[in-house]
Every structure is written in structure tokens, then in C-alpha cells.
Amino acid sequence: MEGTTVQRPHATAALACSAALLVAALSACDSAPEADTGKPTVPGHVTAQASSATSVHVMWERATDDKAVTGYEVYREGKRVRSVPAAKVMTDVGGLTASTAYTFTVRARDAAGNLSAPSAAVSVTTPAPTPADHEAPTRPVRLRGTVDGSRAVNLSWGGSTDDIGVTSYDIYQEDSRIHSVPGTRTTAHLTGLRPGTVYTFTVRARDAADTSSPDSNAIDLTTASAPGVPTSTAPTDLRITNRVEGKEYAIELDWKQPETGGGIPAYQLFIGGRLTTTIVWGATPPAGRASYRLTVDDPRGTRYSMKIRAKLPDGKWGDFSAQRTVVLGG
């Protein structure tokens with residue numbers, strides 16, 4: 001019939017398929033993940049202190065992000081000089097000039113590359129060059145501490161002396177430097193810790209030549225537990241001694257075992273942060289305190305940092321003990 005188009009069955013089916021594909025494509029677009037355009041928050045409480053005549057130590061508090069903070073950028077006079085991973089909240093900037101004023105800011109970065117606004121600027125002036133300084137500062141003494149809730153502690157210590165002058169004190173948790181304060185201060189407030197966790201702290205003094213003192217005495221502090229956080233399963237009161245046996249040194253450890261609701265079949269021993277051996281009892285696990293002995297053939301004066309953790313009744317490994325340091329022949 002003139003003026004009338006007859007739609008064939010196969011053409012109708014093709015149009016239907018095309019429409020279905022269009023709807024599917026539009027649906028796919030609607031369900032695509034949204035781009036991450038949100039910026040991290042600004043890093044807070046930025047501080048900068050001269051570590052020497054040519055270096056500055058910059059610290060800040062962690063930023064947050066709707067996804068995750070992946071790192072921090074440190075700027076000097078608006079020019080980026082350092083990039084650090086999200087796990088770090090401090091860095092040293094070297095290559096500076098003595099008796100010179102500098103300004104630093106910090107920005108947080110997320111996985112999409114978004115940068116926070118710059119932090120508040122902090123100023124610092126590097127000291128004048130000092131005479132040749134070949135002597136290390138004396139060790140800080142009488143390190144003490146108190147727990148401040150579940151995520152912070154307060155430390156204090158007796159000051160060190162140096163033939164030229166102490167420029168800063170560095171606080172170490174186990175063998176990692178986690179904080180620094182100017183040489184005029186002998187206290188520190190540490191935040192960002194985990195609830196129900198044992199921490200081992202030491203302090204070292206540093207002079208303008210970046211020479212560090214021996215460690216202060218070590219102290220253990222356990223942060224308070226928080227609601228919903230399991231009780232700590234860390235061994236406590238770890239003690240380490242050593243003595244000469246022929247051409248070797250015997251190292252003996254003993255500790256108080258944690259309450260786990262069952263017997264502890266094994267422990268892992270870490271030396272220098274690395275798993276060294278698994279201690280497995282040949283018979284019934286001991287009750288109360290436990291002990292272990294090993295021999296080494298390293299020379300006198302060799303330093304070991306040790307910590308242990310228990311295998312729990314459910315087969316998982318528990319929390320680490322406080323770390324202890326032993327010096328052969330010491």
C-alpha cells in the first residue's frame with residue numbers, strides 16, 4: 001500500500017537489541033566510580049628545628065582523607081624539597097646554609113594526587129658554624145614517663161652536656177626515631193599511639209655536628225585499652241643477660257608469659273626487627289615465667305635488640321613484648 005512502510009521481523013529485533021545495548025551502556029556510565037576530587041585535611045602542628053648549622057628537622061601531625069592519605073610533601077619557601085610516605089610524619093632537610101632563616105610548610109597527598117592546602121608556615125634559623133666538635137654529648141639520664149590515656153604518653157629526662165652544646169633530643173621507640181625536641185627541652189608529649197600496646201622508649205642527645213650520645217635508660221609504657229580493643233597478649237618483664245663461654249657468648253632470656261586462656265606452645269624471637277628463630281617447647285609448655293638460651297660467636301661489644309611474641313591457642317601470633325637491648329660483654 002503506497003506511503004506505508006512494512007517493518008520486517010528481523011529489523012524489529014535489531015532495533016530492540018540496539019536499544020538494549022544503549023540502556024546497558026548508559027547504566028554502566030551511571031555505575032562508574034566517582035572520581036576522587038576531595039582534598040586531604042591540612043597537616044597540623046608543624047614544627048621545624050635546626051639539627052645543625054646545615055640541617056633542619058621538620059615534624060607535623062597526620063592529616064585525614066575521605067579515601068586515604070598516601071604521603072606528604074615538604075616545602076621550603078614554597079619549593080618542594082621532600083616527599084615522604086604516609087607512615088612518616090617527620091623528615092630531615094639538609095644542604096642548608098648556616099645562620100640563615102628558612103620557612104617550611106607541609107601538604108598531604110592522597111592516591112588521586114590531590115594535595116591539601118599548605119600548613120601554617122613555620123620559621124627556623126640555622127645556627128652559626130661551630131668549632132670542630134669531635135665529642136659526643138653525654139647520655140640523657142633518669143628517663144621517666146607516664147601514660148596519657150590510650151594514645152599518648154609523656155616523657156621527661158635529665159639533660160645532657162656537650163663541649164659545644166646540645167642542639168636536640170631524639171626520642172626512639174625501639175630502634176626508630178619517632179620524635180625530636182630542641183636541646184633546651186627535656187620533656188616530650190607523644191601522640192598517635194595504639195591503645196593497649198607496650199612501647200619501649202629511649203632518648204639520645206645530639207649536638208651541632210649531628211653526633212649522638214649513647215642511649216638513655218629504656219622505659220616501657222603500656223597505653224590504656226580502648227573499648228572494643230582486645231586485651232594485650234604481649235609477654236612482659238623480658239630480661240636478657242649474657243656471659244662468656246669459651247670463644248662464644250651465651251645469651252639468656254626470661255620473661256613473664258601472657259594470659260591467653262590456654263597453653264602457649266611456641267614463641268618467635270626477633271633480633272634487630274627480623275625473625276631469628278621459633279622457640280618450641282619439647283614437652284609441656286612452662287607455667288609462669290619462661291626462658292630461652294642461645295649462643296653467638298660475634299665479638300665483644302656487638303649490640304642486639306630483641307623482642308618476642310607468643311603463639312596463641314587459636315594459632316595466631318600475639319602482641320610483641322617490649323624490646324630489650326643487650327651488648328656482648330656489657
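Only Cα pairs under 8 Å and at least 6 apart count here; give the relative contact order of the range 141-222 as a rounded whole percent. Worked out over the range 141-222, it gives 34 percent. In the range 44-125 the Cα-Cα distances spread across 5 Å bins starting at 0 as 3, 16, 29, 24, 14, 8, 4, 1, 0 percent of all pairs. With all pairs of different C-alpha atoms in the average, the Kirkwood value for the hydrodynamic radius of the range 79-123 is 12.3 Å.
Take a quick pass over the range 236-327 and tell me how many lysine pairs come in under 24 angstrom between Cα atoms, counting only ones 8 or more apart or on separate chains. Count of close lysine pairs: 4. I'm spelling it out carefully: the read-out is Cα extents along the principal axes in Å, the candidates are (i) 114, 66, 40; (ii) 95, 66, 41; (iii) 76, 48, 40, and one was derived from this structure. Which label? Recomputing Cα extents along the principal axes in Å here picks out (i). Note on E61 and L115: the model spin-label points, each 7 Å out from Cα along the C-beta direction, lie 2.3 nm apart. On the basis of the beta-carbon distance and an R0 of 56 Å, R293 and A224 show a calculated FRET efficiency of 0.95.
Within the P(r) computed for the range 99-257, what percentage of the Cα pairs occupies the region above 23 Å? Walk me through the numbers before you get to the answer.
Details: 7185 of 12561 pairs.
Every Cα pair in the range 99-257 considered, those over 23 Å come to 57 percent.
Placing +1 at every Lys and Arg Cβ and -1 at every Asp and Glu Cβ, with all other atoms neutral, what dipole size does the range 141-222 have around its Cα centre, in debye to the nearest 20? Intermediate results must be reported in sequence, preceding the final value.
Working: 8 positive and 10 negative charges, 71 e Å.
Value, rounded to 20: 340 debye.
As a calculated quantity, the FRET efficiency between E259 and T125 at R0 = 41 Å, using C-beta atoms, amounts to about 0.15.
For W157, W255, what's the fewest-to-most ordering of other Cβ within 10 Å of each Cβ? Show your work: numbers first, answer last.
On the way: W157 25, W255 22.
In increasing order of surrounding Cβ atoms, one gets W255, W157.
Straight-line cross-link reach from K39 at under 17 Å between alpha-carbon atoms covers these aspartates and glutamates, not counting any fewer than eight positions away in the same chain: E61, D65, D66, E73, D110. Would you tally the net charge around F270, using a Cβ to Cβ cut-off of less than 9 Å, leaving F270 out, and scoring K and R as +1, D and E as -1? Surrounding charge for F270 is +3. Helix content alone sets the calculated 222 nm mean residue ellipticity of the chain: runs of n ≥ 4 DSSP H residues at -39500 (n - 2.57) each, divided across all residues, give -2500 deg cm²/dmol. Would you tally the net charge around P299, using a Cβ to Cβ cut-off of less than 12 Å, leaving P299 out, and scoring K and R as +1, D and E as -1? Combined, the nearby Lys, Arg, Asp and Glu give 0.
Relative contact order (percent) for the range 236-327, with alpha-carbon contacts under 8 angstrom and 6 or more residues of separation? Intermediate values should be presented prior to the final figure.
Numbers: 177 pairs, mean separation 30.3, N = 92.
Relative contact order here is 33 percent.
For the chain, the relative contact order comes to 12 percent (Cα pairs under 8 Å, sequence separation of at least 6).
Here S150 and E34 are evaluated by their C-beta separation; at R0 = 45 Å the FRET efficiency comes out at 0.80. Once both labels are positioned 7 Å from their Cα atoms along Cα-to-Cβ, the gap between T41 and T302 label points is 4.7 nm. With the simple model of a label 7 Å out from the Cα in the direction of the Cβ, H134 to R80 spans 4.3 nm. Ordering T260, A86, T191 by the projection of their Cα atoms onto the charge dipole of the chain, which places +1 on the Cβ of Lys and Arg and -1 on the Cβ of Asp and Glu, puts T260 at the extreme positive end.
Read-outs: derived from the displayed coordinates by stated rules, not from any lab. Only a predicted model underlies this, so the values are computations on that prediction, with no experimental measurement involved. Here Cβ is always computed from backbone atoms with ideal geometry, including for glycine, and neighbour counts include all displayed protein chains.
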